[in-house]
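Novice: Below: one structure in structure tokens.
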Amino acid sequence: MLKEDNRKLMLEKAIKDHQYQASALLEILHKAQELYGYLNREILSFVASSLKLPPSHVYGVAAFYNYFRLKQPGEHVVTTCMGTACYVKGAEDIISAVEKEFNVKRGDSTADGKLSIFTTRCIGACAMAPSIVIDDEVVGKATKEIVIEKIKLLLGGKKTETS
């Protein structure tokens, strides 16, 4: 089971506050991810057991929604909006350039665990398309060059001469 720490106590409180109702599954999964950063098998099993739901159901819900992460993300997280406005304005080119530059595929992390890249359907910043979220900072009207430069700076690199 989950290690006894404050996060587990807070998750148990959230489950209790929702009166152990299966109908609160999404809210509880959101709370679990907020606390742990992702939803691994152990967390999903704990939630399933607490709500008296089959583990396959809880996993199915977590896997269905793009928001939930089933693997521990890297130290830095880059999320590319793939909503219509962002996609049309070049989001695919940006994420492809990031994949190539840092040798990582979307949905995965670099071998050293420093960087994870994800896509999402929409972040609600269509007027600033294409939009990329880098460690909770929204970068609007993003370009490949700007995004790669910001990631390099996060990873401890120096600014290039072009910036």
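Novice: Taking C-beta distances below 4.7 angstrom as the pairing criterion, name the unpartnered cysteines of the chain, in sequence order.
Specialist: Cys122, Cys126
Novice: What length, rounded to one decimal in nm, is gained on full extension from Lys3 through to Ala22, with 0.36 nm per residue of separation minus their alpha-carbon distance?
Specialist: Extra length from Lys3 to Ala22 when fully extended: 4.5 nm.
Novice: Something else now. So how long is each side of region 76-154 along the principal axes, counting just the alpha-carbon atoms, biggest first, in Å?
Specialist: 34, 21, 20
Novice: Can you tell me the mean projection area, over all orientations, of the convex hull of the chain's alpha carbons? Units nm², please.
Specialist: 10.8
Novice: Follow-up question, since we're still on this one. Using a Förster distance of 35 Å, how high is the FRET efficiency between Glu101 and Met10, based on the Cβ-Cβ distance and rounded to 0.05?
Specialist: Details: r = 38 Å, r/R0 = 1.07.
According to the calculation, E is roughly 0.40.
Novice: Name the residue, out of Gln33, Gln72, Gln21, whose mean-square fluctuation peaks in a Gaussian network model built on the chain with Cα pairs under 10 Å.
Specialist: Gln21
Novice: Would you list, by chain and number, the lysines whose Cα falls below 26 Å from the Cα of Lys52, excluding same-chain residues fewer than 8 positions away?
Specialist: Lys3, Lys8, Lys13, Lys16, Lys31, Lys71
Novice: Pop the C-beta distance of Glu149 and Tyr67 into the FRET formula with R0 = 25 Å and round what comes out to the nearest 0.05.
Specialist: 0.35
Novice: Oh, and also: With no solvent and one point on each alpha carbon, what is the Debye value of log10 I(q)/I(0) for region 6-64 at q = 0.13 Å⁻¹?
Specialist: Taking Cα atoms of region 6-64 as identical point scatterers yields -0.25.
Bear in mind these aren't lab numbers, they're just calculated from the coordinates by the rules spelled out. In this text the structure is predicted, and so the values were computed from the model without any measurement. Note that each Cβ is placed from the backbone with ideal geometry, even for glycine, and that neighbours are counted across all protein chains shown.
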